[in-house]
1. If a residue must be among the hydroxyl-bearing types (Ser, Thr, Tyr) and either touching a Cys at 6+ places or on another chain (Cβ under 9 Å) or part of a loop (DSSP other than H, G, I, E, B) (or both), how many such residues does segment 57-81 contain?
2. Please return the ranges of strands (runs of 3 or more DSSP E) entirely within segment 1-49 where 2 or more residues are within 22 Å of residue 84 (Cα to Cα) and touching a Pro at 6+ places or on another chain (Cβ under 9 Å).
3. Scanning segment 1-23 for residues that are more than 37 Å from the chain's Cα centre (by Cα) and either free of Cβ contacts under 8 Å to residues at least 24 places away in the same chain or buried (at least 17 other Cβ atoms within 10 Å of the Cβ) (or both), which turns out nearest to residue 42 (Cα to Cα)?
4. When segment 27-40 is examined, which residues are found to be surrounded by 20 or more Cβ atoms within 10 Å (Cβ to Cβ) and among the aliphatic types (A, V, I, L, M)?
5. Looking at segment 27-49, I want the residues that are free of Cβ contacts under 8 Å to residues at least 12 places away in the same chain and have a partner that is of a type in the set (D, E, K, R) with Cβ atoms under 9 Å, at least 6 apart or on another chain. Which pairs are those?
6. Which members of segment 32-78 meet the condition of being of a type in the set (Asp, Glu) and out of contact with any Asp or Glu (no Cβ under 9 Å at 6 or more places or on another chain)?
Amino acid sequence: MRPGTHFAFGDHEEHGFVASFTAALPAHLAHWYLEREQFEPVPGEPGLYRLSEPERDGVRRTRHAVHDLRHHGYTVQADIRLEPSLSAGPPRPVRPNGLQERRSRLAQAAAGRTTQRSAPPTTSPPAARPIPPKPTYAPTVHLTAATGGRSR
(Lines give C-alpha, C1' and ligand atoms only; values in the text may rest on other atoms or scores of the structure.)
Protein backbone atom coordinates (compact mmCIF):
# COMPACT_ATOMS: atom_id res chain seq x y z
CA MET A 1 0.00 0.00 0.00
CA ARG A 2 1.22 3.49 -0.79
CA PRO A 3 2.24 5.69 2.15
CA GLY A 4 -0.49 8.08 3.25
CA THR A 5 -3.29 5.74 2.18
CA HIS A 6 -6.31 5.89 4.46
CA PHE A 7 -8.56 3.12 3.08
CA ALA A 8 -8.13 0.03 0.90
CA PHE A 9 -10.95 -1.75 -0.97
CA GLY A 10 -10.86 -5.11 -2.67
CA ASP A 11 -12.42 -8.54 -3.26
CA HIS A 12 -12.20 -11.32 -0.69
CA GLU A 13 -12.98 -14.98 -1.48
CA GLU A 14 -14.97 -15.52 1.68
CA HIS A 15 -16.37 -12.08 2.56
CA GLY A 16 -16.99 -10.53 -0.85
CA PHE A 17 -16.28 -6.80 -1.11
CA VAL A 18 -14.09 -5.70 1.77
CA ALA A 19 -12.52 -2.54 3.09
CA SER A 20 -9.82 -1.82 5.62
CA PHE A 21 -8.18 1.28 7.01
CA THR A 22 -4.61 2.13 7.90
CA ALA A 23 -3.00 3.65 10.98
CA ALA A 24 -3.02 7.03 9.17
CA LEU A 25 -6.65 7.36 10.29
CA PRO A 26 -8.13 7.03 13.79
CA ALA A 27 -10.04 3.74 14.14
CA HIS A 28 -13.26 5.31 15.41
CA LEU A 29 -13.38 7.72 12.45
CA ALA A 30 -12.72 4.95 9.92
CA HIS A 31 -15.41 2.81 11.58
CA TRP A 32 -17.89 5.69 11.35
CA TYR A 33 -17.21 6.32 7.64
CA LEU A 34 -17.29 2.65 6.65
CA GLU A 35 -20.57 2.03 8.44
CA ARG A 36 -22.09 5.03 6.64
CA GLU A 37 -20.98 3.43 3.38
CA GLN A 38 -22.83 0.19 4.32
CA PHE A 39 -19.76 -1.81 5.39
CA GLU A 40 -19.92 -3.88 8.58
CA PRO A 41 -17.07 -5.23 10.73
CA VAL A 42 -16.06 -8.83 10.02
CA PRO A 43 -16.20 -10.85 13.27
CA GLY A 44 -12.79 -12.21 14.27
CA GLU A 45 -10.94 -9.98 11.75
CA PRO A 46 -10.03 -6.67 13.41
CA GLY A 47 -9.89 -3.76 10.97
CA LEU A 48 -11.65 -5.66 8.17
CA TYR A 49 -15.10 -4.60 6.97
CA ARG A 50 -17.38 -6.30 4.44
CA LEU A 51 -20.13 -4.82 2.33
CA SER A 52 -23.56 -5.66 3.67
CA GLU A 53 -25.71 -7.49 1.09
CA PRO A 54 -23.02 -7.69 -1.63
CA GLU A 55 -25.42 -9.46 -4.00
CA ARG A 56 -27.46 -6.25 -4.17
CA ASP A 57 -25.39 -4.31 -6.75
CA GLY A 58 -22.17 -4.74 -4.77
CA VAL A 59 -19.72 -3.48 -7.39
CA ARG A 60 -21.59 -0.20 -7.88
CA ARG A 61 -22.02 0.35 -4.13
CA THR A 62 -18.33 -0.31 -3.46
CA ARG A 63 -17.30 2.06 -6.28
CA HIS A 64 -19.60 4.65 -4.77
CA ALA A 65 -17.96 4.20 -1.36
CA VAL A 66 -14.51 4.72 -2.94
CA HIS A 67 -15.77 7.83 -4.69
CA ASP A 68 -17.38 9.25 -1.53
CA LEU A 69 -14.30 8.76 0.62
CA ARG A 70 -12.11 10.42 -2.00
CA HIS A 71 -14.59 13.26 -2.20
CA HIS A 72 -14.11 13.75 1.56
CA GLY A 73 -10.36 14.09 0.97
CA TYR A 74 -9.14 10.61 1.93
CA THR A 75 -6.59 8.62 -0.04
CA VAL A 76 -8.20 5.37 -1.16
CA GLN A 77 -6.59 2.38 -2.86
CA ALA A 78 -8.97 0.09 -4.75
CA ASP A 79 -8.78 -2.96 -6.99
CA ILE A 80 -9.10 -2.06 -10.65
CA ARG A 81 -12.55 -3.60 -10.77
CA LEU A 82 -13.65 -1.27 -7.95
CA GLU A 83 -11.90 1.83 -9.24
CA PRO A 84 -14.59 4.36 -10.26
CA SER A 85 -12.37 6.32 -12.65
CA LEU A 86 -10.92 3.33 -14.54
CA SER A 87 -13.89 0.99 -14.79
CA ALA A 88 -17.01 1.86 -16.65
CA GLY A 89 -20.23 1.37 -14.82
CA PRO A 90 -23.14 -0.49 -16.31
CA PRO A 91 -25.10 1.54 -18.82
CA ARG A 92 -27.91 3.37 -17.16
CA PRO A 93 -31.31 3.30 -18.80
CA VAL A 94 -32.22 6.55 -20.43
CA ARG A 95 -35.39 7.90 -18.99
CA PRO A 96 -37.30 10.28 -21.21
CA ASN A 97 -37.44 13.65 -19.53
CA GLY A 98 -39.30 15.46 -22.28
CA LEU A 99 -36.34 17.69 -23.08
CA GLN A 100 -36.23 16.71 -26.76
CA GLU A 101 -39.96 17.27 -27.17
CA ARG A 102 -39.75 20.63 -25.40
CA ARG A 103 -36.87 21.75 -27.61
CA SER A 104 -38.82 20.69 -30.69
CA ARG A 105 -41.86 22.70 -29.59
CA LEU A 106 -39.69 25.75 -28.88
CA ALA A 107 -38.04 25.49 -32.28
CA GLN A 108 -41.42 25.28 -34.00
CA ALA A 109 -42.69 28.26 -32.04
CA ALA A 110 -39.59 30.29 -32.89
CA ALA A 111 -39.96 29.50 -36.59
CA GLY A 112 -43.64 30.45 -36.70
CA ARG A 113 -45.19 33.87 -36.94
CA THR A 114 -45.83 35.93 -33.86
CA THR A 115 -48.66 38.34 -33.24
CA GLN A 116 -46.27 40.90 -31.79
CA ARG A 117 -44.39 41.49 -35.03
CA SER A 118 -47.03 40.61 -37.57
CA ALA A 119 -47.56 42.41 -40.87
CA PRO A 120 -50.22 45.11 -40.90
CA PRO A 121 -53.72 43.84 -41.65
CA THR A 122 -54.71 43.75 -45.31
CA THR A 123 -58.17 45.26 -44.72
CA SER A 124 -58.69 48.99 -44.92
CA PRO A 125 -58.90 50.93 -41.67
CA PRO A 126 -62.40 51.76 -40.46
CA ALA A 127 -63.93 54.98 -41.81
CA ALA A 128 -63.40 58.04 -39.65
CA ARG A 129 -66.33 59.21 -37.61
CA PRO A 130 -67.75 62.51 -38.71
CA ILE A 131 -67.06 65.49 -36.50
CA PRO A 132 -70.27 66.98 -35.15
CA PRO A 133 -71.01 70.48 -36.46
CA LYS A 134 -70.23 73.53 -34.33
CA PRO A 135 -73.27 74.90 -32.56
CA THR A 136 -74.53 78.18 -33.96
CA TYR A 137 -75.28 79.55 -30.56
CA ALA A 138 -73.08 80.03 -27.54
CA PRO A 139 -74.24 77.92 -24.62
CA THR A 140 -75.21 79.92 -21.58
CA VAL A 141 -73.99 78.83 -18.22
CA HIS A 142 -75.61 80.29 -15.13
CA LEU A 143 -73.46 80.37 -12.07
CA THR A 144 -75.07 80.99 -8.77
CA ALA A 145 -73.26 82.13 -5.71
CA ALA A 146 -73.32 79.74 -2.83
CA THR A 147 -74.93 81.23 0.24
CA GLY A 148 -74.58 80.09 3.75
CA GLY A 149 -70.95 79.30 3.42
CA ARG A 150 -68.14 80.80 5.37
CA SER A 151 -66.95 84.20 4.45
CA ARG A 152 -63.38 84.92 3.85
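1. If we filter segment 57-81 for residues that are among the hydroxyl-bearing types (Ser, Thr, Tyr), which is where we start, we get 62, 74-75.
Right, trim to either touching a Cys at 6+ places or on another chain (Cβ under 9 Å) or part of a loop (DSSP other than H, G, I, E, B) (or both) and you get 74-75.
Selection size over segment 57-81: 2.
2. Working: elements: 7-12, 16-21, 39-41.
Where strands (runs of 3 or more DSSP E) fall fully within segment 1-49 and carry at least 2 residues being within 22 Å of residue 84 (Cα to Cα) and touching a Pro at 6+ places or on another chain (Cβ under 9 Å), they are 16-21.
3. 14
4. Within segment 27-40, 30, 34 meet the criteria.
5. From segment 27-49, the pairs are 36/68; 41/35; 41/50.
6. Pass one, segment 32-78, residues of a type in the set (Asp, Glu): 35, 37, 40, 45, 53, 55, 57, 68.
Scanning segment 32-78 gives 35, 40, 45, 53, 55, 57.
Condition check ((1) surrounded by fewer than 16 Cβ atoms within 10 Å (Cβ to Cβ); (2) at pLDDT 90 or above; (3) over 19 Å from residue 4 (Cα atoms); (4) not aliphatic (A, V, I, L, M)) across all residues:
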{"position": "42", "(1), (2), (3), (4)": "no, yes, yes, no"}
{"position": "48", "(1), (2), (3), (4)": "no, yes, no, no"}
{"position": "54", "(1), (2), (3), (4)": "no, no, yes, yes"}
{"position": "57", "(1), (2), (3), (4)": "yes, no, yes, yes"}
{"position": "66", "(1), (2), (3), (4)": "no, yes, no, no"}
{"position": "77", "(1), (2), (3), (4)": "no, no, no, yes"}
{"position": "81", "(1), (2), (3), (4)": "yes, no, yes, yes"}
{"position": "85", "(1), (2), (3), (4)": "yes, no, yes, yes"}
{"position": "92", "(1), (2), (3), (4)": "yes, no, yes, yes"}
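The values are calculated or read from the model by the stated rules, or taken from the named source; none is laboratory data. Just so it is clear, the structure is predicted and the values come from calculations on it, not from any experiment. Every residue, glycine among them, receives a Cβ derived from its backbone with ideal geometry; neighbour counts consider all protein chains shown.
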